[in-house]
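Here's the structure we're looking at; comments come further down.
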């Protein structure tokens, strides 16, 4: 395993992770002596202080120890986790931070994003098989289990987020984009009655499950709401006064707010606004933007339980609305 430095983290952090990952991969085993500070300094063109700080961090984590402050050796086995998410968003960072917070320091989390590129997803999974103690993965599709994932031991794999497929024998913590959405909207049905029309701003270029359209329409039809589904916001799109907008993608949320302002309209006063997935800045813009989705802190905490306690999980998290002044 080769160490290549980048500009994303300090050299201390990168050397620490490099050594911990070497231990996780059994390239270094419990009781093995580590190269000296001088040897690592020369080998990787680092200062002695950088190597010393990396060793100190690993010692604090209980992964290595030393005899009389030198002669470092591996004291315990480090455990490695592959965390493969779809794309970076603030709520995915919430999941990651909670997972990291809940796990003991001897766990190493290898974080990757597949960016909705199926070739990259398959490549990352195929390269990872047999390399990690646990696998936490956002499946590429919501409707079918990716074939590459069948190569991973079911006991080591936790499926996150997407999960409208046969998950027999697999652990999962998912959200329900269908009935979960319906029930959440039903919980605010009385507030929605004041709007003359409900819009779902879906964005056809985004990988949000298409079935949400069906259940949004089902909710509107069964409750006598006039509705429309917008697949793409264009220059001609306008925000309608006294209408309600459920917006899937954060970029589209910004567009709706800007278009509303162009028409002299403010969310909560002239139209209703509900954003999919909570974001910290929703508390401070437009006097507060309401959100709908699952609790990503809870998802991170449950993932940590699966990893640390080796406990099988099979859960759909409830879809809930955080109400603010936007509708």
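The values are calculated or read from the model by the stated rules, or taken from the named source; none is laboratory data. Just so it is clear, the model here is predicted, and its values are computed rather than measured. Backbone-built Cβ (ideal geometry, glycine too); neighbour counts: all protein chains shown.
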- request: Sort out which residues of the stretch 264-282 are under 19 Å from residue 241 (Cα atoms) and either touching a helix residue (DSSP H, G or I) at 6+ places or on another chain (Cβ under 6 Å) or modelled with pLDDT under 95 (or both), and write them in order of number.
  value: 275
task: Would you point out which residue out of 327, 244, 225 is buried (at least 20 other Cβ atoms within 10 Å of the Cβ) and modelled with pLDDT of 95 or more?
output: 244
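To keep it simple, each residue is scored yes or no on (1) surrounded by 19 or more Cβ atoms within 10 Å (Cβ to Cβ); (2) out of contact with any strand residue (DSSP E or B) (no Cβ under 7 Å at 6 or more places or on another chain).
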residue	(1), (2)
274	yes, no
285	no, yes
298	no, no
302	yes, no
Helices (runs of 4 or more DSSP H) contained in the stretch 211-327 and holding at least 1 residues within 21 Å of residue 197 (Cα to Cα): 211-222, 250-262
- request: Assess whether residue 239 counts as being farther than 26 Å from residue 138 by Cβ, surrounded by fewer than 21 Cβ atoms within 10 Å (Cβ to Cβ) and touching a residue at least 24 places away in the same chain (Cβ under 8 Å).
  value: no
message: I need a count of the residues in the stretch 106-134 that are at positive phi and more than 16 Å from the chain's Cα centre (by Cα).
response: 1
message: Quick check on this structure: which one of 131, 138 is surrounded by 17 or more Cβ atoms within 10 Å (Cβ to Cβ) and out of contact with any helix residue (DSSP H, G or I) (no Cβ under 8 Å at 6 or more places or on another chain)?
response: 138
query: Given (1) without any contact (Cβ under 8 Å) to a residue 60 or more places away in the chain; (2) farther than 30 Å from residue 266 by Cβ; (3) surrounded by fewer than 18 Cβ atoms within 10 Å (Cβ to Cβ), where does residue 231 come up short, assuming only one miss?
result: (2)
query: Residues 305, 256, 285: which one is closer than 27 Å to residue 170 by Cα and out of contact with any helix residue (DSSP H, G or I) (no Cβ under 6 Å at 6 or more places or on another chain)?
result: 305
message: If I go through the stretch 247-258 residue by residue, how many of them are over 19 Å from residue 322 (Cα atoms) and surrounded by fewer than 16 Cβ atoms within 10 Å (Cβ to Cβ)?
response: 2
task: Might you let me know whether the stretch 114-123 holds any residue that is in a loop (DSSP other than H, G, I, E, B) and touching a residue at least 40 places away in the same chain (Cβ under 8 Å)?
output: yes
Residue in the stretch 89-98 that is surrounded by fewer than 18 Cβ atoms within 10 Å (Cβ to Cβ), out of contact with any helix residue (DSSP H, G or I) (no Cβ under 8 Å at 6 or more places or on another chain) and either outside the structural domain of residue 32 (by TED's automatic domain parsing) or outside any strand (DSSP E or B) (or both) present: yes
